[in-house]
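The values are calculated or read from the model by the stated rules, or taken from the named source; none is laboratory data. Keep in mind the model is a prediction, meaning the values are calculated, not measured. Cβ sites come from the backbone with ideal geometry, for glycine too, and all protein chains shown count toward neighbours. Surface areas here come from the heavy atoms of the whole protein model, side chains and all, with no ligands, DNA or RNA. Shrake-Rupley method; radii C 1.70, N 1.55, O 1.52, S 1.80 Å.
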Amino acid sequence: MAQIAFEQVSKSWGETEVLRPMDLSIANGECVAILGPSGCGKSTTLFLLAGLYAPTSGKVLFDGHVVNGVDARDRNVGIVFQSYALYPHMTVRANIGFPLRFQKVDKDDLSRRVVEAANLVQIDEFLDRKPAELSGGQQQRVALARALVKQPNILLLDEPLSNLDATLRMSMRAEIRAIQRRLGMTTLIVTHDQIEAMTMADRIICMSRGAVAQIGTPDELYRRPADTFVAGFIGSPPITLLEGDAKGETLHIGTGAMTLTASTAGRITLGLRPEDLRLGAPGQGGLPARVVTVEPLGREVLYGVETAIGRLHVLAMAGDAVPPAGEPAAVQIDAAHSLLFDAGGRRIPNLNIRP
Amino acid sequence: MSQAFVPVRCRRARPALFLAPAASLLLLFFLAPIVIDVGIAFTNMGESLKVTAWTLKNFDRILGADRMIPLILLTTFLYVTATLFFFNVGLGVVLAITTTAVSDRLGALFRGIWILPRMSPAVIYALLWIWVVDSSPQGLLNQVVTGIFGLAPLNLRNDHPLLVIILANGFVGASFAMVVLTSTIRSIPEHLFHAARVDGASEWSVLRFVVLPSLKGPVWFITIYQALSLLVTFEYILLITNGGPVYDSTTYALYVYRRAFEGGHYAYGAALAIALMLFGVCFTLLQWRLFGDGMNRTRPRIEVL
Ligand SMILES: Nc1ncnc2c1ncn2[C@@H]1O[C@H](COP(=O)(O)OP(=O)(O)OP(=O)(O)O)[C@@H](O)[C@H]1O
Ligand SMILES: [Mg+2]
């Protein structure tokens, strides 16, 4: 219910600049995920939006209005803190109902809404306990209920599902997404779980060292990463990056070479995702290879293979017929999905390797 | 089997060894005086220190014959409750909250000023108070009262001795709660303040719902601890009013002292001291019973096998 924008917003603590001047625009009702390594400024970004930190420079805008001077309590923001931040002296019931105390909500309505929110996150049986008597995952759900109960304009979630088991996480994801859609809350969700980011978010912000590395749809980040950082960060198991030298249409990597679709020169990095490679018996064409490691991942198996251009990772279905470790094999590359990066790490658009 | 697994039984022998130094000190300076005190209480030891008979007369005196006792108890009650409520806890809480709300530098400065009296020798602090409330026009208070307000000079030490000793002890006592509670407030996770602000709480509500609840445990501790220490210490009273005029500002502990060392009734003093000790023990036990679960008997952080 609010459109959010950052105009050159930065944040410094004394000399250290933890967020470099940043532009951002999030549409009304959009759900955006923030991905990035630890310490890159994700929580800082949320706190700037919530009004808990004042930006060192730049403007924060809600619906086109500058809100730099607006106090946190007047921004109608709901937030799940990374550390949950539950009030230790209050019961779960009082914790969830706390934001409603400060709104004109009558008693019956308040207790009804508290129970509703508790039901939503499946903690209704713990309403009369204190936070210290709950497990980490239960506390996290209380924090979620507290953020949702006041039906905020903007919902900020700092790793809200990090402590839940896989099943609960999946149902929570769906619940959050549904309620977010229903109420039209503009939502930012910080997560380390790429699946979560990909499934929940309309767009993903990938951050690195206090700056935005790329903003785009999950597919854009996956298929057209801006640079080697994003390519390496998005995708699991991670992409294999191989450095080589380009001369004309030939890219020399290690003792081998690949052919490019256009001629170029200099240091070039080739990125190959494990799921874009296929492993077969030798003689079926493709890059000669030898299987060195086998890591079963359940439904899939991750193979490490040695080739002339270096060590590659190949993802195959568990049932596929694959040469056993130590045996010669061949790797077929889905050339259309190969990624090439220049010496500065930027992706070179419209350049691929030839099959 | 690895050598690392030492059976638990082997550890049993050591506690006696570890406790020996503390236990012997306890015996020498704590238990022995009590035994001696109890012994003296049943004698007729007077100024000459001669014991001629065993007697229960001292206890008879406490329980009825001594007409001073009710007055002393009332004075003690007023002194302890007023000092505790207004200063040792009340002012301490206010100081802790205000000095943590302002900037760090300013807060530290104020706390430093409030701790000063505790750091200075009791005699100097008492002398300052004597100067402040001195009945002559040169007393600090009277300079203000007569010079600025044009009123007649006051003689607080004579007219309101209880007020003087409450103020004097309160200004020293507040610093204990201030220091303890300041660190309690400091240790509240910052995210709780953040959460409360996001939830819409005003400054006042943050104080009421986040800060004050966390002070509850420490405030109980301070109340109990300071109540006991107010009951048994009397050096400022002795120095400032000497318990007077007559017995008007004599608290129980000072009464024990005055009886024993001013009057030379050592046996009676010993008996009075036993009563104070019994009260202290009962008070502590009662507090354990009432609040023990919250304060002293929390689940251990590390479970020892
Ligand atoms: N009060 C502070 N003073 C100085 N530096 C700070 C302060 N708070 C945070 N930082 C620094 O700012 C950077 C960003 O912190 P932030 O909490 O936003 O990281 P994050 O992306 O949320 O990391 P994580 O995934 O580990 O939660 C970190 O490098 C951190 O050390
Ligand atoms: Mg964080």
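At a glance:
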| read-out | value |
| --- | --- |
| Å³ per residue enclosed by the Cα convex hull of the stretch A:157-307 | 166 |
| Candidate lysines - alpha carbon under 23 Å from residue A:104, same-chain residues fewer than 8 apart omitted | A:150 |
| Accessible area buried between chains A and B, both sides summed, probe 1.4 Å, in Å² to nearest 100 | 1800 |
| Reach of residue A:42 by Cα under 23 Å, taken over lysines that are not fewer than 8 positions away in the same chain | A:11, A:59 |
| Highest-fluctuation residue, B:82, B:32, B:177 considered, GNM on chain B with Cα pairs under 10 Å | B:32 |
| Ranked order, A:170, B:45 - accessible area, probe 1.4 Å, largest first | A:170, B:45 |
| Rounded D (µm²/s) - chain A, Kirkwood Rh over Cα pairs, Stokes-Einstein at 37 °C, 0.692 mPa s | 144 |
| Computed E for residue A:202/residue A:263 - FRET, C-beta separation, R0 35 angstrom, nearest 0.05 | 0.35 |
| With all protein chains modelled, accessible area of residue B:106 [1.4 Å, Å²] | 80 |
| Simple spin-label estimate for residue A:125 and residue A:183 in nanometres, 7 Å along Cα-Cβ | 2.6 |
| Percentage of interatomic Cα-Cα distances in the protein assembly as shown larger than 44 Å | 51 |
| Cα shape, the stretch B:58-216, gyration tensor, a/c 1.5 rule | oblate |
| The stretch A:163-215 - convex hull of alpha carbons, volume per residue in Å³ | 90 |
| Computed accessible area, residue A:13, all protein chains, 1.4 angstrom probe, square angstrom | 120 |
| Exposure ranking of A:125, A:133, A:7 by accessible area [1.4 Å probe, largest first] | A:125, A:133, A:7 |
| Shape category assigned to chain B from the gyration tensor of Cα positions, a/c cut at 1.5 | oblate |
| FRET efficiency estimate (nearest 0.05) - Cβ-Cβ, residue A:217 to residue B:78, R0 60 angstrom | 0.20 |
| Using θ = phi - 60° and Karplus 6.51 cos²θ - 1.76 cosθ + 1.60, couplings along the stretch A:297-305 (whole Hz; Gly, Pro as x) | 10, x, 6, 10, 10, 9, 9, x, 10 |
| Area of residue B:94 that stays accessible when all protein chains are in place (1.4 Å probe, Å², to 10) | 80 |
| Residue range of chain A that is longest and free of trypsin sites (Lys or Arg not before Pro) which are both DSSP loop and sparsely packed (at most 12 other C-beta within 10 Å) | A:105-298 |
| Estimated FRET transfer efficiency when R0 is 25 angstrom, pair residue A:297-residue A:38 (beta carbons, to 0.05) | 0.55 |
